[in-house]
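Q: Please find one structure pasted underneath; my questions will follow.
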Amino acid sequence: MEKLAVLVLMGVFGAVLQPPIGEVGFSAGRYWPDITKRQPQTGLAVGLTARTPADGRLGLEFGLGYKQGGIPLTCGLRPRESGTLAAQRQASVRLDSPCPDDTETHQAEDRQHNHDFIDFAALGQVRYGVGDHLTLRLTAGPTWGIPVRCSSESLTFGDRQDCSASRVDTDWRFVTGAGVSLAVSPRLNASVDYRFGINLRELGLVTTSTGPIHGIARSLTAGMSYRFGGRQVVR
C-alpha cells in the first residue's frame, strides 16, 4: 500500500509539474550502503537520469537506479549439530558487537546481509558554469528505494540463503551531493557525482520499521549524458 501511494504521488507530481527535459544520461559507480558500520560494504550503483535544461542556475534531476545495499556484518552463535533443523540453525545475531567465543554446542558466526533496491529520485540542483565547457552542480532532495532482492551469507561457513520472502523496509533517504559535467561535444557531457544520503528513519521522519535500518550511505558515480539542443552554459 505504501509503494502504491508513493507511485501515485510521483505520477501526480509529474503530470502537474511537467518539467521540460533537456538532458538524459546513464551513470555507474560504487555505492557504500552504510559507512557507520565497523566493516563498510561496497556495492554497485547504476542509474538513468533526466535533467531540466541547463539554461538557468536552478534545475531538477529525476533518477531511476539500481543499488546494492545491506548490512555489512552481523555476529552470533550457530549450533554445531549438522542434523539440526534449518530453522533452528539460524542463531539470533547482534549488530556490530565482537563475535562471541565458541561454546561446546555453538560456533561463532559472521553473516553478511545484502538488500538490493530499485531507487527513485527527485532532486533539486543549483548549477554554475565555469568557462564554456565545465558546469558545477550542487544537488539535494529525497530518494525512495524499493527492495527487490535479499540474501544472507555466512562469512564463516560459506553458505548463502535467500531471504527475499521476508519483509525488508523501503529505503527512504535525504540525499545531498556535488557533481561536475564536462562538455565533450556539442551534445555530449561526461560527468562525475558524489552523493551522501541520510536514512529518514534515523531522523524520525519515517517511523515504521520491519527490517534492518540502513544508516548513512554514499556513492561515487561517473557517466555520460546527451543534451537536447546545443551547448548551454550557466552563468
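Q: Give just the number: which of (1) modelled with pLDDT of 70 or more; (2) of a type in the set (A, V, I, L, M, F, W, C); (3) in contact with a Lys or Arg (Cβ under 7 Å, 6 or more places away or on another chain) does Phe120 not satisfy?
A: (3)
Q: For the range 184-210, enumerate the residues that are at pLDDT 70 or above, under 18 Å from the mean Cα position of the chain (by Cα) and among the hydroxyl-bearing types (Ser, Thr, Tyr).
A: Tyr194 - this is the single residue of the range 184-210 that is at pLDDT 70 or above, under 18 Å from the mean Cα position of the chain (by Cα) and among the hydroxyl-bearing types (Ser, Thr, Tyr).
Q: Filter the range 130-170 down to the residues that are crowded, with 17+ Cβ neighbours inside 10 Å and either at pLDDT 95 or above or small (Gly, Ala, Ser) (or both), then identify the one that is nearest to Asp193 (Cα to Cα).
A: The qualifying residue nearest to Asp193 (Cα to Cα) is Thr139.
Q: Inside the range 1-116, counting only strands (runs of 3 or more DSSP E) that do not spill past its ends, which hold 1 or more residues that are of a type in the set (Phe, Trp, Tyr), at pLDDT 85 or above and open to solvent by 40 Å² or more (accessible area, probe 1.4 Å)?
A: 23-32, 58-79
Q: Please go through the range 171-186 and pick out each residue that is part of a strand (DSSP E or B) and either open to solvent by 20 Å² or more (accessible area, probe 1.4 Å) or touching a helix residue (DSSP H, G or I) at 6+ places or on another chain (Cβ under 7 Å) (or both).
A: Trp172, Phe174, Thr176, Ala178, Val180, Leu182
The values are calculated or read from the model by the stated rules, or taken from the named source; none is laboratory data. This one's a predicted model, so the numbers in the text were calculated from it and none came from an experiment. With ideal geometry, Cβ positions are generated from the backbone for all residues, glycine too; neighbour counts draw on all protein chains shown. Note: accessible area is taken over every heavy atom of the protein model, side chains too, but ligands, DNA and RNA are not part of it. Shrake-Rupley method; radii C 1.70, N 1.55, O 1.52, S 1.80 Å.
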